[in-house]
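Here's the structure we're looking at; comments come further down.
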Amino acid sequence: MPIARHHAEITLGMDAHDPAEGAVDFAFDTAQRWGVRLRAVHAWRFPSCVAELPFGVPEADRGAWEDQEVQLFADELRPWREEYPHVEVLEDVRLLPPAQALVRLSAGAGLVVVGRRSGGGSGAVERVLLRESLCPVAVVPA
């Protein structure tokens, strides 16, 4: 598959809490073969307890939650970085809904890769990406 944009990166949408290993492997392998950077993206949301806070999210709590997400993401990517040492990886953790984060990043990507969970049907993120992405999308079985 030829890259859509010369020297464009591959964007991988990855849930650090439940990574789709097939998609992660596909993204790393493709980035290695194409010789491009891999932007690994983990989009997260505030815990449900935030709705109960009367004055919004204290900055210290937001920072602590974000630090946890960043560390979890780095830990999940570590074995893939070791398996694919020649792939340049940019870790990107965003406080956004996953579909929104990936559609925004599709503007600068040659390919967006996401996993598809068992059950066969497309999930909400995949449906939005297939409709709104500005580059090709690979939906890889988990």
- Message: For the range 103-113, give me each residue that is surrounded by 15 or more Cβ atoms within 10 Å (Cβ to Cβ), of a type in the set (A, V, I, L, M) and out of contact with any helix residue (DSSP H, G or I) (no Cβ under 6 Å at 6 or more places or on another chain).
- Response: 105, 109, 111
- Message: Whether any residue in the range 43-58 is modelled with pLDDT of 90 or more and either not in a helix (DSSP H, G or I) or not aromatic (Phe, Trp, Tyr) (or both) is what I want to check.
- Response: yes
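Residue-wise test of (1) at pLDDT 95 or above; (2) part of a strand (DSSP E or B).
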residue	(1), (2)
66	no, no
73	yes, no
80	yes, no
92	yes, yes
102	yes, no
118	no, no
126	no, no
- Message: I'd like to know if the range 82-89 contains one or more residues that are in a strand (DSSP E or B) and modelled with pLDDT of 95 or more.
- Response: yes
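The values are calculated or read from the model by the stated rules, or taken from the named source; none is laboratory data. Note that this is a predicted model, so its numbers are computed, not measured. Heads up, the Cβs are rebuilt from the backbone with ideal geometry, glycines too, and the neighbour counts pull from every protein chain shown.
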